[in-house]
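S.K.: Have a look at the structure that comes next, please.
Just so you know, all these numbers are worked out from the coordinates, no wet-lab data involved. Not measured: the values here are computed from a predicted model. Cβ: placed from backbone, ideal geometry, glycine included. Neighbour counts: every protein chain shown.
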């Protein structure tokens with residue numbers, strides 16, 4: 001998966017913006033102002049950090065060597081995924097979807113409705 005494919009998928013999520021609040025090395029994707037993905041877009045291979053349910057986060061780490069506890073993040077709620085080709089793209093997209101949904105479900109019902117959730 002290349003950066004443009006990853007970026008386009010992230011930006012396809014309703015209400016998503018991208019920013020560089022932590023400096024030039026970490027591209028941050030937010031839904032309605034809350035972070036759901038952080039991409040180390042200058043790394044080779046790319047790395048993406050995603051929010052995750054704690055139990056599911058552990059299961060993904062056990063399943064994939066390329067999934068590690070969140071880099072510089074709460075290790076219980078975030079995973080960092082190394083996009084080295086060892087995880088199928090559809091699985092990475094599912095992880096992104098899960099992160100987006102987890103963050104979006106924390107919003108008020110009216111905001112969730114505006115996102116189509």
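S.K.: Connecting C-alpha atoms closer than 10 Å in a GNM of the chain, tell me which of 13, 30, 105 has the biggest fluctuation.
M.R.: Greatest mean-square fluctuation among the candidates belongs to 105.
S.K.: In percent, how large is the relative contact order of the chain, given Cα pairs closer than 8 Å and 6 or more residues apart?
M.R.: 22
S.K.: List 107, 36, 22, 3 from most exposed to least, where exposure is judged by having the fewest other Cβ atoms within 10 Å.
M.R.: 22, 3, 107, 36
S.K.: Another one. Any chance you could check the Cα centroid distance between segment 96-117 and segment 40-86 for me, in angstrom?
M.R.: 21
S.K.: Determine the shape class of segment 6-76: with a ≥ b ≥ c the square roots of the Cα gyration tensor eigenvalues, call it rounded for a/c under 1.5, and otherwise prolate if a/b is greater than b/c, oblate otherwise.
M.R.: Taking the square roots of the gyration eigenvalues as a ≥ b ≥ c, segment 6-76 is prolate.
S.K.: Rounded to the nearest 0.05, what FRET efficiency is calculated for residue 63 and residue 5 with R0 set to 35 Å and r the Cβ-Cβ distance?
M.R.: 0.95
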